[in-house]
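One structure is given here, and the rest of the page talks about it.
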Amino acid sequence: AFKSNSDLDEAITNTLGKVNELLEILRVYNKDTIVVTSYYNPYYFNIKWNSKIANANTKLKQLCKKYDIIYVDIYSLFQNSEYLPNALDPHPSSLGYKKISDLIINELGDELWIITGYLAMYLNGCL
């Protein structure tokens, strides 16, 4: 748990620094599609975190743009407690995970068909 707002700020700054390093490495070794989802507030009842998480997402989106990575915003999805049914568990419900996958599939659009087409050809020994 974070004892203060400055602890949370420091954790976000450190995390985004590591994410930057990771995305840079991923892009060097993977020229294909990469998808990153935004952060969400797993403790939606703690509204003090909302602005900090929104700010982190703005920075994350900029990093994704920098490395030509698809950014999928799931933050607003979790403003609804329906997808986070247990206030003490930060993990989404099954329906929450389904909504995340729907957003990713929607964002990928035609690219998803290209990816699954390559996968099917690979699995059938055509590649």
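Per-structure values
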read-out: Unmet requirement for Tyr44, which otherwise passes all of (1) of a type outside the set (Gly, Ala, Ser); (2) under 21 Å from Pro90 (Cβ atoms); (3) in contact (Cβ under 8 Å) with a residue 12 or more places away in the chain; (4) exposed (fewer than 14 other Cβ atoms within 10 Å of the Cβ); value: (4)
read-out: Matching residues in the range 78-90 - criterion: being surrounded by 13 or more Cβ atoms within 10 Å (Cβ to Cβ) and of a type in the set (A, V, I, L, M, F, W, C); value: Phe78, Leu84
read-out: Test: Thr13 is modelled with pLDDT of 90 or more and out of contact with any Asp or Glu (no Cβ under 9 Å at 6 or more places or on another chain); value: yes
read-out: Within the range 79-99, considering residues that are modelled with pLDDT under 85 and assigned to a helix (DSSP H, G or I), the one nearest to Ile53 (Cα to Cα); value: Gln79
read-out: Single residue of Asp102, Asp68 found to be in a helix (DSSP H, G or I) and either modelled with pLDDT of 80 or more or of a type in the set (Val, Ile, Thr) (or both); value: Asp102
read-out: Tabulated pairs, the range 48-63, first closer than 17 Å to Ser6 by Cβ and in contact (Cβ under 8 Å) with a residue 24 or more places away in the chain, second open to solvent by 50 Å² or more (accessible area, probe 1.4 Å) and of a type outside the set (Phe, Trp, Tyr), C-beta under 8 angstrom, 6+ apart or interchain; value: Lys48/Asn5; Lys52/Asn5; Lys52/Asp9; Ala56/Thr15
read-out: Enumeration of residues in the range 9-48 that are of a type in the set (Gly, Ala, Ser) and farther than 19 Å from Lys66 by Cα; value: Ala11
read-out: Filtered residues of the range 1-36 (kept if touching a residue at least 40 places away in the same chain (Cβ under 8 Å), open to solvent by 50 Å² or more (accessible area, probe 1.4 Å) and not charged (D, E, K, R)); value: Asn5, Thr15, Leu26, Val35
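Condition check ((1) touching an Asp or Glu at 6+ places or on another chain (Cβ under 6 Å); (2) among the acidic types (Asp, Glu); (3) on the phi < 0 side of the Ramachandran plot; (4) open to solvent by less than 90 Å² (accessible area, probe 1.4 Å)) across all residues:
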{"residue": "Lys48", "(1), (2), (3), (4)": "no, no, yes, no"}
{"residue": "Asn55", "(1), (2), (3), (4)": "no, no, yes, yes"}
{"residue": "Thr58", "(1), (2), (3), (4)": "no, no, yes, yes"}
{"residue": "Val72", "(1), (2), (3), (4)": "yes, no, yes, yes"}
{"residue": "Ser76", "(1), (2), (3), (4)": "no, no, yes, yes"}
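The values are calculated or read from the model by the stated rules, or taken from the named source; none is laboratory data. In this text, all values refer to a predicted model and were calculated from it rather than measured experimentally. All Cβ positions, glycine included, derive from the backbone under ideal geometry; neighbour counts span all protein chains shown. Surface accessibility is based on the protein's heavy atoms, side chains included, excluding ligands, DNA and RNA. Shrake-Rupley method; radii C 1.70, N 1.55, O 1.52, S 1.80 Å.
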